[in-house]
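A quick write-up on the structure given underneath.
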Amino acid sequence: MTADQQVAPAVPHRRRSRRDEILEIAVGLFAARGYHGVSMDDIGAAAGVTGPALYHHFAGKEAMLVAALIPVSEQLLAGGRERVAEHEGRPLAALAALIEFHVDFALANPAVIALHLHELDRLPEEPRRQIRRLQRLYVEEWVNTLTALRPELAAGEARVLAHAAFGLMNSTPFLGGEVDRDRRSDLLRAAALAALQG
């Protein structure tokens, strides 16, 4: 075996914690039944966890909602900034990278998107304000990219287009399985790019 043929060592995967598993189950239940349609007992039963063990990880449903939505908003902002920085001075490439990033996220996390669309207002004021702030900063990455690509757009106009594109890309909770994931990704990316390029 030559040096070129050597197999790269496998990258170890971080083992998901029990807390992560419980949170994923809770998000799925909230997305399917609505926040008020799910009790802590329901979550515990679905996760195979007793009440005291469940409360060891989360103070209650509200804490689960916060734990699901704040990290997602942080990850979107960090990912968006990273894509824009990678393509500095090339707004079309930056826009394509933003779209690819967001579509990948939307296809991988339809339950989180459904939860965000329908349950954000259930949060207390402070975490809700924090999520809104992170979202605004993420939107501005798109606005800055769009106005660099299309100088004829005012910032407010670019913001309208960005939100419209999010509506398109965030449709994943409502898409059936009749089209495979790769094709769904291609369709969503092409539609978002066409809408934003004008």
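General remarks:
- Close pairs from segment 87-106: first in contact (Cβ under 8 Å) with a residue 12 or more places away in the chain, partner among the acidic types (Asp, Glu) and surrounded by 15 or more Cβ atoms within 10 Å (Cβ to Cβ), Cβ under 9 Å, at least 6 apart: Ala94/Glu141; Leu98/Glu141
- When segment 33-72 is limited to residues that are closer than 24 Å to Ile113 by Cα and among the aromatic types (Phe, Trp, Tyr), the one that is farthest from the chain's Cα centre (by Cα) turns out to be Phe58.
- When the residues of segment 78-98 are filtered to those that are of a type in the set (Gly, Ala, Ser) and touching a helix residue (DSSP H, G or I) at 6+ places or on another chain (Cβ under 8 Å), the one that is most open to solvent (accessible area, probe 1.4 Å) is Ala96.
- Those residues of segment 45-69 which are surrounded by 16 or more Cβ atoms within 10 Å (Cβ to Cβ) and in a helix (DSSP H, G or I), in sequence order: Ala47, Leu54, His57, Lys61, Met64, Leu65, Val66, Ala67, Ala68, Leu69
- For segment 99-156, taking the residues that are acidic (Asp, Glu) and open to solvent by 40 Å² or more (accessible area, probe 1.4 Å), the one that is modelled with the lowest pLDDT is identified as Asp121.
The values are calculated or read from the model by the stated rules, or taken from the named source; none is laboratory data. Keep in mind that this is a model prediction, so the values were computed, not measured. FYI the Cβ positions are ideal-geometry reconstructions off the backbone, even for glycines, and counts take in every protein chain you see. Please note that ligands, DNA and RNA were not included when accessible areas were found on the heavy atoms of the full protein model with its side chains. Shrake-Rupley method; radii C 1.70, N 1.55, O 1.52, S 1.80 Å.
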